[in-house]
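Let me begin by presenting the structure, written as structure tokens, before commenting on it.
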Amino acid sequence: MLRDKFGYRKYLTPAERSRFLAAAERRGGDVGAFCALLGYTGCRISEALELTGAQIDWADQAIVFRSLKKRREDHYRGVPVPEGFLARLASLDCAASARLHRRLWPWSRTTAWTRIKETMVEAEIVGRHASPKGLRHGFGVAATQRGVPLNIVQRWLGHANIEMTAIYADAIGEEERALAARLWERDAA
């Protein structure tokens, strides 16, 4: 369900996601990198908070998360990230031996949530969707709207079953609006 019981959207649109990433870039430092991590990967806030330097796969240009929803056993998933984001992490010394096995962001969930909300405000994003969960949903929506196969989105988000991932295909995107525009053109003729 990508809308709440009142019909409000739970996800960031691609334009809002771009504004959030731009605001994260402006913030810089650890806060900006943390916010960008959520925007680029769709990870859960708790998955980001437990990330160490050793979980950055520099060769494959990916971040390796321990999927926290899979309680029975440790399950890891790699999510590709832009080269520029890896350069940003490198500038923060995330590959330094001192940070390899220590959390990159030793904050509480509350502090992390506050940093994300501050960045949402800077990006002028307000509403229920202006949250870590809204970023996660926005990542899923953007990936499906850009043609990433659902099984890949499922793996990147760490979903146990494809039904959880399939909700992102229901978001109204550019293709659906283009189809509706064709209908309206014919109605106007």
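Phe20 versus (1) part of a helix (DSSP H, G or I); (2) surrounded by fewer than 15 Cβ atoms within 10 Å (Cβ to Cβ); (3) among the hydrophobic types (A, V, I, L, M, F, W, C): which is the lone unmet condition?
(2)
Within region 60-74, is even one residue surrounded by fewer than 20 Cβ atoms within 10 Å (Cβ to Cβ) and polar (S, T, N, Q)? Spell out how you get there, then give the answer.
First, pick out the residues of region 60-74 that are surrounded by fewer than 20 Cβ atoms within 10 Å (Cβ to Cβ): 60-62, 64, 66-74.
With the extra rule that they be polar (S, T, N, Q), the set shrinks to 61, 67.
Yes, the conditions are met somewhere in region 60-74.
Restricting to region 147-189, and then to whatever is among the basic types (Lys, Arg) and at pLDDT below 90, can you tell me which residue is nearest to the chain's Cα centre (by Cα)?
Arg177
Criterion first (of a type in the set (Ser, Thr, Tyr), part of a helix (DSSP H, G or I) and either surrounded by 12 or more Cβ atoms within 10 Å (Cβ to Cβ) or touching a Ser or Thr at 6+ places or on another chain (Cβ under 9 Å) (or both)) does Tyr40 satisfy it?
Values: of a type in the set (Ser, Thr, Tyr): yes; part of a helix (DSSP H, G or I): yes; either surrounded by 12 or more Cβ atoms within 10 Å (Cβ to Cβ) or touching a Ser or Thr at 6+ places or on another chain (Cβ under 9 Å) (or both): yes.
In short, yes.
In the set Gly140, Gly127, Gly78, Gly84, which member is assigned to a loop (DSSP other than H, G, I, E, B) and under 28 Å from Ala22 (Cβ atoms)? Outline the logic, then answer.
Values: Gly140 fails: assigned to a loop (DSSP other than H, G, I, E, B); Gly78 fails: assigned to a loop (DSSP other than H, G, I, E, B); Gly84 fails: assigned to a loop (DSSP other than H, G, I, E, B).
Just one listed residue meets the conditions, Gly127.
Being among the aliphatic types (A, V, I, L, M), closer than 21 Å to Arg136 by Cβ and in contact with a strand residue (DSSP E or B) (Cβ under 9 Å, 6 or more places away or on another chain) is the filter here, so list the residues in region 40-85 that pass it. Step through it out loud before you land on a result.
Initially, region 40-85 is screened for residues among the aliphatic types (A, V, I, L, M), giving 45, 48-49, 51, 54, 56, 59, 62-64, 68, 79, 81.
Of the ones still in play, those that are also closer than 21 Å to Arg136 by Cβ are 45, 48-49, 51, 56, 62-64, 68, 79, 81.
Of everything in region 40-85, those that are among the aliphatic types (A, V, I, L, M), closer than 21 Å to Arg136 by Cβ and in contact with a strand residue (DSSP E or B) (Cβ under 9 Å, 6 or more places away or on another chain) turn out to be Ala48, Leu49, Leu51, Ile56, Ala62, Ile63, Val64, Val79, Val81.
The values are calculated or read from the model by the stated rules, or taken from the named source; none is laboratory data. These numbers come from a predicted model, not from an experiment. Cβ coordinates were reconstructed from backbone atoms using ideal geometry, including for glycine residues, and neighbour counts include every protein chain displayed.
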